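What follows draws every value from the coordinates through simple rules; no lab data is involved. For clarity, every value in this text was computed on a predicted model and none was experimentally measured. As a convention, Cβ positions derive from the backbone with ideal geometry for all residues, glycine included, and neighbour counts pool all protein chains shown.
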Amino acid sequence: MASESANPSSSSAGSYSSLTIGVLALQGDYDAHARAFAAAGARTVLVRKSEQLAGIDGLVMPGGESTTMLKFLEQNGFFAALGRFAATTPCFATCAGCILLAREVLHPPQRSLGVFDATVERNAYGRQIDSTILTAPTEIPGGPLEMVFIRAPRITRVGPDVEVLARRDSFPTLAREDHLLVATFHPEMTSDTRVQKLFLDMVASHKAR
């Protein structure tokens, strides 16, 4: 249920130092995500094996090519382990990561973890040449949010318990369901850390339960 506030905490970055955030490092710009979360005050580790999931408080699933990620995940039971992890532990998924978390994937259909109640269309905004940067209103305090779209997917449907935090042309671009946060853009490519801090607040709240 999307019951937690969209307000990132006003605590200092040091308040996140007890959190260990894993960044799935199979493909995509995982280093940029690690730097962004480190800048927000968290400890980060690169996750390349399913055994590493046991030592983290939350996981970031970067953008990249979702079919390539699937090929890596299908080795050594990683896909099943990741599905179990995402069902109970905070995950933040961007772009291709959002595709992997979604309950339904279209254009074309593709296997996914199915834990986030949404339908996602792959490459809905065109090819790499159609990439763009937009600024749009958001439910996160602090003013409009800069969003970098690169071969972005589009969320066309969300379930009743999904909270939409930002949109592009009426379609959700940032959304949350319980312990899961997804974005169809790349927040790691801007200097604004509000999205990262929102996720860290979700991780801290989940850890305190």
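For this structure, a couple of remarks:
- Alpha-carbon centroid distance for the pair the range 141-165 / the range 39-79, whole angstrom: 22 Å
- Listed residues PRO153, SER131, LEU53: farthest to the positive end of the dipole of the chain (Cβ charges): LEU53
- Listed residue (ALA81, GLY64, PRO172) projecting farthest to the positive dipole end of the chain, Cβ model: ALA81
- In this Cβ point-charge picture (+1 for Lys and Arg, -1 for Asp and Glu), the chain has a dipole of about 320 debye about its Cα centre.
- Using the Cβ-Cβ distance between ARG111 and LYS49 with R0 = 25 Å, the FRET efficiency computed as 1/(1 + (r/R0)^6) comes to roughly 0.75.
- Here the convex hull built on the C-alpha positions of the chain has a volume of 105 cubic angstrom per residue.
- Loop sites in the range 8-78: GluC sites (Glu not before Pro), DSSP, at most 12 other Cβ within 10 Å: GLU74
- Taking amide H as placed 1.01 Å from N in the peptide plane, PHE185 has its amide H under 5 Å from the amide H of CYS95, each at least 5 places away in sequence or on another chain.
- Beta bridges by DSSP in the chain, antiparallel share as percent, to the nearest 5: 50 percent
- Averaged over residues, the count of other Cβ atoms within 10 Å places the peptides 40-48, 115-123 in the sequence 115-123, 40-48, highest first.
- Sorting GLU139, GLU163 by the number of Cβ atoms found within 10 Å of their own Cβ, with the fewest placed first, yields GLU139, GLU163.
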